Every structure is written in structure tokens, then in C-alpha cells.
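What follows is a single structure, written as C-alpha cells, with notes after it.
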Amino acid sequence: MRLSRKQRTAIQLVIIGISVLAWIVLLFNPGHIMTMEHCHISASGPSAASLSMLLQMNPLSSQMLGWGLMVVAMMLPKLIVSVQMIYLQSFRNLRFVCALLFVSGYLMAWMLAGIPLIGVIIAANLFFPLSYIPALIVFAVAVVWQFSPLKQRCLNAGHNHPVLPAFGWNAMRSALQYGAVHGAWCIGSGWALMLFPMLLPQGHNLAMLIITFVMLSEHWEHPVFPQWRYSLRLRLLRIIIAQAKLKLMGVVC
Amino acid sequence: MNNFIRKNAWDACNGGQFKDQSGNYTDLYWYAKGVEAMKALPINNAVSWWFYGAIHGQYLIATAHSDPAPASFPNWTKIASIPASANLNNPPAQSLANLFWDQCQHGSWFFPPWHRGYLVALENILRDIIISLNGPADWALPYWNYLNQSQTYKEYQIPPAFTVSALPDGTSNPLYIPERYGPNGDKNIYIVVGPDTQQDPSANDECQWDTIYGDLIQPAQPGPGDLTGYYYGGMQTGFSHDPAGFGDLESNPHNFAHVMIGGFNGDAWTDPNPAEQTEGLMSDPGVAALDPVFYLHHANIDRMWTAWNVTGKNANPSNANWQAGPTANGNSQFAMPVDAKGTPWYYTPADVNSTTQITFMGNGYSYTYDDLSLTSYDTTPPSKMQATISNRLIKLGGKGLDKGTHMEQNTKPELVGASDTALTLNSGTTQTAVKLNTTAWKSVSKSLLKASVSTPPNDVYLQLENVKGTNNANFLSLYINDNFVQSVALFGIRMASMKNSAHGGAGLTFKFNITNVIDNLHLGSGLDFSSLNVQIKTRNPIPKGSEITVGRISIYRLSQ
């Protein structure tokens, strides 16, 4: 059983719309929530005073807000298929609630992950202000992680779409739980990629766009046996090229 | 360009024999010689029997499309009929395995074209071998039409050439394998043919009355055009891996025949220790193509598809996403090796759209069948195909019906009932109450009460979601409030339940159209109840440690 084309499209549009809005906010970067304000506090290097100053200039609350927006912008499109399935598999009166709880569970997981990851960002700014070194280190880690069996295991688990209970509290609790678990596997596969743009002193918007493309692509690959595999997992690119080719050939119905 | 003719393995081979009445070798003999030559090659040779079997599916190594093999059966190293010369310890390079192995397309609208290309590639390899052995240059793959109601031969039986132990020259018969147990587990290999009734799951060709190959999103109006709601060739397999379900051709007879031939070793209901090792090879896509009868079964399925096109005058999809194949959605292209080192023939459904206009390695290739009758068993459409929406409206007392009135198709699904928890099936019958959502169920009732041309009645479907397990050699028969609905075969359940497969371990999904049952309940005692009594009956006992689970039983209504 599948949703009608109209229903599927409506869900896609709503999710993509929210994601685009979040992108717009991020690109305008109000109150510098997406970038860490730096200061050369002390010539003698990091200290409690410089940490205090850094936190004063970049309160944790605004960092978390920025992080949340980034997650919404980059990750929400990954949830389209899951939300469509929840919508299909829920009673009409629970469709929206269950979908919302699923998304909330997912975002909660990412917000929790944001605490240590923002810690890393603060530390990087404290020890290497305006330096590309932390970004390069994380990039190297991300590359290794990218091809590792552990990452593949996380990606595979992200394809687990359980059929949820349909009635009452059970349905709602399961949707929330499913969102949190789905989020956890998503964090497992994408934490390093998410961290990388946040550590770039310059050009992190462009990096975020590229990373979003990569993460969407790899999320849409079929599960494969976890082992070291040097694959870029660019399914989204393959789809775009194939569909463009079909359109150019003028054979699309 | 030659037009090769694939012939009936019973009628054209002297009743399924190696020699005809004049003593000349038949197509089955030459098939055996070709298979023998392929079986003599080691698995790392891309045109060996073992390599070709693995193209369909395998349990030997992990590839880009599969998990590592289970340690015990059905690991290929545990299969008695694979000789040491296959050299299973020395598989081909991983890149070759990734390109060619584990490709079979099931539960997908690519099922018919992928298998057509598979047969074409194998047929060409076999023909080259046969010609080198001074066999006929026009040899083509025979087919086993188990649905044929011949007065001369019992064609529902496997052709004798597959069951004798020796070729006419006294050498071992490569078409015989011991791991074939039949529908009753007594090594009598035959297909139970008949209407699908509650007595016993039966294979038939009711699917041939479908007139729609497939569609993008929703099932068609059941009745003329679409037997079950899954269409003839299957629903569109697109971007996401959500289970699309089996098309009608794939479900029955394809899946039914697989499970009946492979079967279950031993007297199913008296065996005190049923075990997975007792499944026949044909029951599981990961070992099925090791059995030489696999290709004759698929030649018959391909023949039915051809007849559906040619005689039934039904069209394949013109949709570019079907024509271009899985690559249109970023998936791997179909690839078959044509020589020992693994030179690939890449093809799309468009390349094999018609048997007389195939593009094979850049050249034209053509074949047909000696019998393109639309049906072999059912010569008149089954009654459920005649149950048009007009008939249904009349039955329900609907108003405003004129002949030729155009009815909109119901397309919006809504969940109206579901089981509370996952269900583990028992051997035999498992019964459960599927709770209905009061408000949603009232909508169904209301739609039946107010049925008219402008407000067509809802269609109602039951879906067994995420059916998982390892027991392929089984059937499930579904009953609603003691009314038989339909049987389904569990061919492929093990592979679909593997975590790292394209299915993501979701298992199989089976959809049943229960509209007719609901209509009758409505006309009988009415729909004023809070749950449906669902019974699921297994045909064979479930082996220990091989449980079958159903993630959820869901009831959907389809409305406009």
C-alpha cells in the first residue's frame, strides 16, 4: 500500500519547505548563531578567562539554537520517506501527531549529540582560534569514518522502518521512540560530517550545502554488508544525472 | 537474424525425454550436455553453472548486494549436489561478484525483464557449448508449462529428463539434483494446479487476465485489469525501498511453482523434527538457480509474459523509469557475463521489451515460443475478474448506474484497523483479532451504504506487513471471519529478512484484496463489529528455530 501521489507530494513539500526556511535563517545568520565570534583574548593562549569570554560572546543557548537550525535544515529531508510511512501506517486522527513525535524524537537525539559536538567546537576555537587545523583533523576523521564498516552499520540501521503500533498512546510513544532511535543511527553515520563545516573559519555555508548533499545521497543508498568500502555513495547525483538524461532524451512520460 | 523457437519440454521432447521417437536427441538432451559443460567449470569462471546460479542469488560470500552467507544450510558449501570441482573456496574477484551476483529482481516491476535477460544470456552460452558438441545450431531453451492441460502427458509433472539418474550414454544426468522434494515432500515433483481455494494452495494462470502491467502509486480497481491490486508485472520500484509487493505473474504461478518444486523433505505434518535443511533448492532465491529446472520454469514465466503481450495484446510500461531500468533511480544496471572472464552485457527493460527485438551485445536477437496461448489452464476469466465495479454497485444496491459510466479509481489509502502487536505464526493455524478503529470503520460502512456512481464504495485491503523468517518452503492462506481470501508463497522470505539486503531486512509484504468479503459481511449481518477475525494457515509446519513473524496486520480502505 502506498500513499497517493498527492499525499506524498504534500508531505515532501511541507518537509522541504521547513528545511528551506531553516536554510534561509542560517544563511542570514542572525545574531551570529551559526558562527563563533572570536577574540584574541590572550597572547599567552587559552585560559579560563578566554573560555569565559568566548562563552560570553557565544552563549551556549545561541549555539544550541544554531545547531538545531542546522539539523533541521540539513537533516529534515532525510525524514521524508519515514514520515510518509508513518502517515500511511497511522489512523487518520493520529497521523500528524505521530509524524510530529517521530520528528521530535529525531531532533531530540541530534540536540543531545549537539552538546558534546558544540563542546568540540568551543574547544577548537579556544585552542586554535581562526585556524583550519581542527577542521582538517575532523575532515581526516570523517574520511576514515566515511569508509568504515561502523558507518555502514549505522547507515544500514537507518533503513529500519518498523511498523508501529496503531492505537493510542502506544502509537505515539512508538513514534517518538522510533524517531529517537532513527536519530541515533543518523548521528552515528553523520556526526563527523556535521562537525566539519562548524569548524571552518570561512565558507562553512558552502561546506554545509555539500555535506547535506552527501548525507542525503548516502542515506538513500541501499543497505550493504558493513566492511571497509571506498564508495562515495552518491546516489542522489546518480539519480539527478539519470533523470536529466531521460528528460534530455525526451522520453519521460 | 535467426528467430529461435523455445519449445515445450514435454510435447517437443517425446514426453520430456532425452531422445525422440526416432532416437534423435531432443532439446532436453542438449540442454543437459550444456549444463554438464558449465557444471564442469569452477565458480570463478564467469560462465560456469555456479557463477550463473549466483547471479540470481547466493549464500557463499558477501557482495555489494548481500549479507555474508549463514554458516549452515543454505550456505553453498553445505549443498550436497555441488561437486568439489566447483571450487567454492576460490570465488571470483570481489569486483566481479559485486557486478554480477545477487541481482535477481523480486517484488518489483523489473521482475519480468531482468529474468528475460538472464535467460537470453544463459541460452547463448549454452548454445555455443551445444554447437561445439555438434548439437543443433538453432537450439533454444525449452520451457516447462506445468499449467498445460494436455491429454497426452501429465505436464504438471516435472519432465522425466530431470528425474532420471543417467543420460542415454550412461553418464550421470546433470539435470538431476537430489534437493528437490515436491509439494508433498515425497520427491514426487509436480505443480498443484487449480483455482486458489482453501483446500490447497494451487498454481494457475489467472494473472493472464490482467490487462495492466504496473502503475506508479496505487493498485488499480480490482477486477478486470488487475487481479489482486498489484498488477501483472508488479508495482513501480522506484527511489525508495518500501516493499512494493509481488506482481500477479510473480506471485502465482512463479512463486507457487518455486515452492512446490523445491518443497519440504519429509512428510510435512508427521515429521517430528522439521528443519531448514529439508528445504528444496528451488524454494529459496539464493540457491534456486542451481537447479537446472529453474531455467525451464522461468522460460515458462517468460512465455506467459510474451503471450500476455502478443496474444493478450497488453502493453508493457512506456514509463521511462521502467524502460531505463533501475539506473533511472540510481541503482545498479542489469549485467550478465557473456564469457569466462566476465565481459558484461548491460541491458535495460527496453532492450528486452519484445522477444523478437532484443538488443544483445549490440546486436539484434530474436526468439519466440511454439505456444503463445494466453492461458493454458483457465480458458475463461475467473469470476473475481468479472466482478466489475458496476456489478459491485448492483450488488450493493448502488444508484445512478448507467452502462459505460466512467468511475473514478479509489486512490487514497487510510488505515482502518490493525493488530496490536507483532504476531509469531504457529505451524498450522494462527488466529488473531484485528481491532478496527471505530471512526474509520464507520467510513467504510457508510461508503457501502451510500454506494453510487458519484460516491463509489471503498475498496478494502488487508496487508501482512514485515513478514520475516527463514522458512521459504511454505504457503500462508488467509481467512477473514472464516472466509477464504487467498494463499501466498513464502519464496524469498529468508533473503528479504536479511538486514543488509536491499530490502533493509523489512521482510515480505503481502496485500490481500478483501473487498468482496467485506461486501458480503455488509450485506449479511452488517459491519457493526469492532474487530475482524483473521486466520493465517501455514501449509507446512514451520521448522524449529525458523519462526515466521508478521510485524503487523493492517486493514486499509481505499477511497477517492
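Figures for the structure shown
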item: Members of segment B:47-105 that are more than 14 Å from chain A (Cβ to nearest Cβ), surrounded by fewer than 17 Cβ atoms within 10 Å (Cβ to Cβ) and not in a helix (DSSP H, G or I); result: B:71, B:72, B:80, B:81, B:83, B:87, B:89, B:90, B:93
item: Only listed residue being surrounded by fewer than 22 Cβ atoms within 10 Å (Cβ to Cβ), modelled with pLDDT of 90 or more and either assigned to a loop (DSSP other than H, G, I, E, B) or over 19 Å from the mean Cα position of the chain (by Cα) (or both), chosen from B:484, B:491; result: B:484
item: So residue A:188, is it closer than 30 Å to residue B:423 by Cα and assigned to a helix (DSSP H, G or I); result: no
item: Residue, surrounded by the fewest Cβ atoms within 10 Å (Cβ to Cβ), within segment B:325-359, restricted to residues that are part of a strand (DSSP E or B) and either acidic (Asp, Glu) or in contact with an Asp or Glu (Cβ under 8 Å, 6 or more places away or on another chain) (or both); result: B:359
item: Total residues in segment B:309-343, condition in contact with a Pro (Cβ under 6 Å, 6 or more places away or on another chain), among the hydrophobic types (A, V, I, L, M, F, W, C) and modelled with pLDDT under 95; result: 1
item: Condition broken by residue B:506, with the remaining ones in (1) in contact (Cβ under 8 Å) with a residue 40 or more places away in the chain; (2) among the aliphatic types (A, V, I, L, M); (3) in a strand (DSSP E or B) satisfied; result: (3)
item: Members of segment A:228-253 found to be surrounded by 14 or more Cβ atoms within 10 Å (Cβ to Cβ) and over 17 Å from residue B:348 (Cα atoms), listed by number; result: A:229, A:233, A:234, A:235, A:236, A:237, A:240
item: Matching entry among B:101, B:109 (being aromatic (Phe, Trp, Tyr) and either closer than 17 Å to residue B:249 by Cα or not assigned by TED's automatic domain parsing to the domain that holds residue B:341 (or both)); result: B:109
item: Residues within segment A:128-152 that are crowded, with 19+ Cβ neighbours inside 10 Å and either within 14 Å of chain B (Cβ to nearest Cβ) or in a loop (DSSP other than H, G, I, E, B) (or both), tallied; result: 2
item: Qualifying position, being within 14 Å of chain B (Cβ to nearest Cβ) and free of Cβ contacts under 8 Å to residues at least 60 places away in the same chain, among A:223, A:162; result: A:162
item: Among (1) more than 17 Å from residue A:107 (Cα to Cα); (2) more than 8 Å from chain B (Cβ to nearest Cβ); (3) assigned to a helix (DSSP H, G or I); (4) of a type in the set (Lys, Arg) - the single one residue A:238 does not satisfy; result: (2)
item: Members of segment B:324-338 that are touching a residue at least 40 places away in the same chain (Cβ under 8 Å) and either among the basic types (Lys, Arg) or within 7 Å of chain A (Cβ to nearest Cβ) (or both); result: B:329, B:330
item: From the options B:416, B:460, residue that is closer than 21 Å to residue B:483 by Cβ, at pLDDT below 95, buried (at least 21 other Cβ atoms within 10 Å of the Cβ) and out of contact with any Gly (no Cβ under 8 Å at 6 or more places or on another chain); result: B:460
item: Qualifying residue in segment B:174-195 (condition: assigned to a loop (DSSP other than H, G, I, E, B), touching a helix residue (DSSP H, G or I) at 6+ places or on another chain (Cβ under 8 Å) and of a type in the set (S, T, N, Q)); result: no
item: Residue count, segment B:414-428 (criterion: within 26 Å of the chain's Cα centre (by Cα) and either under 21 Å from residue B:452 (Cβ atoms) or assigned to a strand (DSSP E or B) (or both)); result: 2
item: Condition broken by residue A:170, with the remaining ones in (1) at pLDDT 90 or above; (2) buried (at least 19 other Cβ atoms within 10 Å of the Cβ); (3) facing chain B (nearest Cβ under 9 Å) satisfied; result: (2)
item: Which listed residue is part of a loop (DSSP other than H, G, I, E, B) and in contact with a helix residue (DSSP H, G or I) (Cβ under 9 Å, 6 or more places away or on another chain), from A:182, A:161; result: A:161
item: Selection status of residue A:175, more than 13 Å from every other protein chain (Cβ to nearest Cβ), among the small types (Gly, Ala, Ser) and in contact with a Phe, Trp or Tyr (Cβ under 8 Å, 6 or more places away or on another chain); result: yes
item: Contacts under 7 angstrom Cβ, first residue in segment B:516-535 being without any contact (Cβ under 8 Å) to a residue 60 or more places away in the chain, partner of a type outside the set (Val, Ile, Thr), 6 or more apart; result: B:517/B:483; B:521/B:481; B:521/B:527
item: From A:208, A:198, residue being away from chain B (no Cβ under 14 Å) and touching a His at 6+ places or on another chain (Cβ under 7 Å); result: A:198
item: Selection within segment B:164-220 - hydroxyl-bearing (Ser, Thr, Tyr) and in contact with a Gly (Cβ under 9 Å, 6 or more places away or on another chain); result: B:181, B:190, B:202, B:211, B:213
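Each row is one residue, and each column tells you yes or no for (1) modelled with pLDDT of 95 or more; (2) within 24 Å of the chain's Cα centre (by Cα); (3) farther than 27 Å from residue B:206 by Cα; (4) in a loop (DSSP other than H, G, I, E, B).
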| residue | (1), (2), (3), (4) |
| --- | --- |
| B:107 | no, yes, no, yes |
| B:114 | yes, yes, no, no |
| B:117 | yes, yes, no, no |
| B:125 | yes, no, yes, no |
| B:128 | yes, no, yes, no |
| B:131 | yes, no, yes, no |
| B:136 | yes, no, yes, yes |
| B:139 | yes, no, yes, yes |
| B:146 | yes, yes, no, yes |
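The values are calculated or read from the model by the stated rules, or taken from the named source; none is laboratory data. The shown structure was predicted, so the numbers you read here are calculated from the model rather than taken from an experiment. Because the Cβ atoms are built from the backbone with ideal geometry, glycine has one as well, and the counts that use them run over all protein chains shown.
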